[in-house]
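A.B. asks: This is the structure I have questions about; it appears just below.
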Amino acid sequence: MILQALTQYYEALLDAGKITRPGWVKAKVSFALCLDDAGQITQLLHLQKEIQRGKKTVLAPQELDMPSPVKRTVGVAANFLCDNSSYLLGVDDKGKPARSLECFSAAKALHLALLKEVDSPAAQAVLRFFESWDPAQAAEHPALQEDWADLMKGGNLTFWYKDAPAAADPEIAAAWQQRYESGGEEAEDALCLVTGRHATLARLHPSIKGVAGAQVIGASLVAFNAPAFCSYGHEQGANAPTGEYAAFAYATALNTLLADRDHVCRVGDTTIVFWAANAEPAYQDFMMDSLFNDSYSEQELLATLHQLANGESIDWDQTRLDPAIRFYVLGLAPNAARLSVRFFWQNSFGTLARNIARHYERLDIVRPSFDKFPTLPVWRLVKETVRRPTPGAAPADPSPRLAGDLLLAVLNDAPYPATLLDGVSLRIRAERDVARGKAAILKAYYLRNSSDKTIKEVMTVELNEQSAYLPYVLGRLFSVLEAVQQSANPGINTTIKDRYFNSASATPAAVFPLLINLAQKHLAKLDGGLATYYDKKITELNSRITCTLPARMSLPEQSAFQIGYYHETQKRYAKKEEN
């Protein structure tokens, strides 16, 4: 399904003129060998352009339409018209001249075989170059001497004839296209599992580049490189027959998605890409804004999501979004020379909007005035499960699987992963505090995962003053007792939260008598009005405790305690701001 969806996306891009045709790629080319009619090099043309990277200006190669490269392993395999100096000149600085000559011989054989029947002047110039070029004289060639050091640094070269790349010559391009579609002399025909049509079998699939943590030169999404992966005597790509066209199409589509950094997100070790079946980028923009960015207000975002969920088309970035369009989300993680599929989701865009809207409604909780983030995107939720970064220390990495499991739960409107609750609970115990993000996660988790109506009634946006649920009331009471201590000792560095928060939420029977006794001493330090206010507050909450304090509370009860503490604290701060 993944390969089929990517192949369809490639075809949509091709119809829109946004991508190269089969057999061709956008290759990064640094130099061009300018040839005359006799096939002699007249000039080394620099194709790099200055671009800004951060604060520096650097030279970057140009992207030109070139014939698709072969997938190299350790053997010698030449590319047509675009390759490094080892293949096109027979020289490099790797200290292995014999291998360089072998590479040049392979390139010579390929070009002679492909261009021997082509009569165009550009093709004849390339042929004469390979017939006359002597790699031993390369370093002394007058057209190469001046830039020899730059040439040896690496980068792709191509041939240039009369102010245009040889690859742009129509007859040369036709010869390559015929070769590509035929698959060569050793091509094997098979039923393609992606397209359902008989096609030339792809033995090796193109590399995928751009997945964080994977090899820079690219990694394989589909590969069979060991006997353990093969069956019934098949070798390499014959184990899962895929045609050359389908392999090229899905790899080109995926590389295009990964190269578009505005629509790629990384959460943990998972690189996430997404696309609409019609290849319209506005759908990707909406997905990025709704799940990974926090630039829109929650009300604005939810209103838009509800419209799509109800089957209404909307305008987004001057594009009409159709809720019926098919949408895909793919999560990839590195695995040596291969890629692991963390998850793959597909459904209508309206279903996506509905599930995201439900997720944000569950996350909605009162937030402090200093919290300037209107929404909590997925990456921010995952960060709530790791320790806060300290100056000079590297940020902690979340669980590798958590990001994928969480995003898949959101996309499917499924129960949240238990690792999310475990991570947040551990951080609350370690930090002895309940921040907005952690409170939102607790609320969303129990609203979606729990069937206990009692605990659900306290998982509200704001304080539930009518609830008599004991863990929730104890959390509220703890917040009031902390406020009493802070009022009696302004500027105190260590409060009861720092010393007793974890034990109060886990073993209230052992802690709360001590805290109530301590609060009475703090009340004695306050003036009459403030002391009366807090005394009434404590009395009112104590009146809701109608049973013996439990010796231990379960994890859901501790979460209710933490939500009660958070709600009461935010209510107190809100009153101060109103005053």
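A.B. asks: Mind listing whichever residues of the stretch 549-579 are modelled with pLDDT of 90 or more, open to solvent by 20 Å² or more (accessible area, probe 1.4 Å) and farther than 19 Å from residue 481 by Cβ?
C.D. replies: 551, 552, 554, 555, 556
A.B. asks: Out of all the residues in the stretch 399-416, which are farther than 20 Å from residue 461 by Cβ, open to solvent by 20 Å² or more (accessible area, probe 1.4 Å) and either of a type outside the set (Ser, Thr, Tyr) or at pLDDT 95 or above (or both)?
C.D. replies: First, pick out the residues of the stretch 399-416 that are farther than 20 Å from residue 461 by Cβ: 399-409, 411-412, 414-415.
Cutting the leftovers down to open to solvent by 20 Å² or more (accessible area, probe 1.4 Å) gives us 399-401, 405, 408, 412, 414-415.
Listed by number, the residues that qualify are 400, 401, 405, 408, 412, 414, 415.
A.B. asks: Hey, could you check the stretch 9-31 for residues that are part of a helix (DSSP H, G or I), open to solvent by less than 60 Å² (accessible area, probe 1.4 Å) and not hydrophobic (A, V, I, L, M, F, W, C) and say which is modelled with the highest pLDDT?
C.D. replies: 9
A.B. asks: Next question, about the same structure. Taking only the stretch 120-161 into account, find how many residues are part of a loop (DSSP other than H, G, I, E, B) and under 18 Å from residue 27 (Cβ atoms).
C.D. replies: Residues in the stretch 120-161 being part of a loop (DSSP other than H, G, I, E, B) and under 18 Å from residue 27 (Cβ atoms): 4 in total.
A.B. asks: Under 7 Å between Cβ atoms, which residue pairs at least 6 apart in sequence (or on different chains) link something in the stretch 97-120 that is closer than 24 Å to residue 139 by Cβ with a partner that is of a type in the set (Val, Ile, Thr) and open to solvent by 30 Å² or more (accessible area, probe 1.4 Å)?
C.D. replies: Close Cβ pairs (under 7 Å, with a partner that is of a type in the set (Val, Ile, Thr) and open to solvent by 30 Å² or more (accessible area, probe 1.4 Å)) amount to 102/76; 103/76; 106/76.
A.B. asks: Separate question: Within the stretch 84-94, identify whether any single residue is open to solvent by less than 70 Å² (accessible area, probe 1.4 Å), out of contact with any Asp or Glu (no Cβ under 6 Å at 6 or more places or on another chain) and not in a loop (DSSP other than H, G, I, E, B), and answer yes or no.
C.D. replies: yes
A.B. asks: Further, regarding this structure: For the stretch 326-360, how many residues meet the condition of being hydroxyl-bearing (Ser, Thr, Tyr) and part of a helix (DSSP H, G or I)?
C.D. replies: Initially, the stretch 326-360 is screened for residues hydroxyl-bearing (Ser, Thr, Tyr), giving 328, 340, 348, 351, 360.
Going one step further and asking which of them are part of a helix (DSSP H, G or I), we end up with 351, 360.
Here the count works out to 2.
A.B. asks: Next up: Checking the conditions here, which among 201, 221, 193 is open to solvent by 60 Å² or more (accessible area, probe 1.4 Å), aliphatic (A, V, I, L, M) and over 22 Å from residue 81 (Cα atoms)? Full working, then the answer.
C.D. replies: Details: 201 fails: open to solvent by 60 Å² or more (accessible area, probe 1.4 Å); 221 fails: open to solvent by 60 Å² or more (accessible area, probe 1.4 Å).
Checking each option against the conditions leaves just 193.
A.B. asks: Here's another thing I want to ask about it. What tally of residues in the stretch 441-453 results from selecting those that are assigned to a helix (DSSP H, G or I) and open to solvent by 60 Å² or more (accessible area, probe 1.4 Å)?
C.D. replies: Selection size over the stretch 441-453: 2.
A.B. asks: Shifting gears a bit: Can you say whether residue 81 is in contact (Cβ under 8 Å) with a residue 60 or more places away in the chain, open to solvent by less than 10 Å² (accessible area, probe 1.4 Å) and more than 17 Å from residue 180 (Cβ to Cβ), as far as the supplied structure shows?
C.D. replies: So residue 81 fails the test.
The values are calculated or read from the model by the stated rules, or taken from the named source; none is laboratory data. Remember, it's a predicted structure, so these values are computed and weren't measured experimentally. As a convention, Cβ positions derive from the backbone with ideal geometry for all residues, glycine included, and neighbour counts pool all protein chains shown. Areas reflect the complete protein model, heavy atoms only, side chains present, ligands, DNA and RNA absent. Shrake-Rupley method; radii C 1.70, N 1.55, O 1.52, S 1.80 Å.
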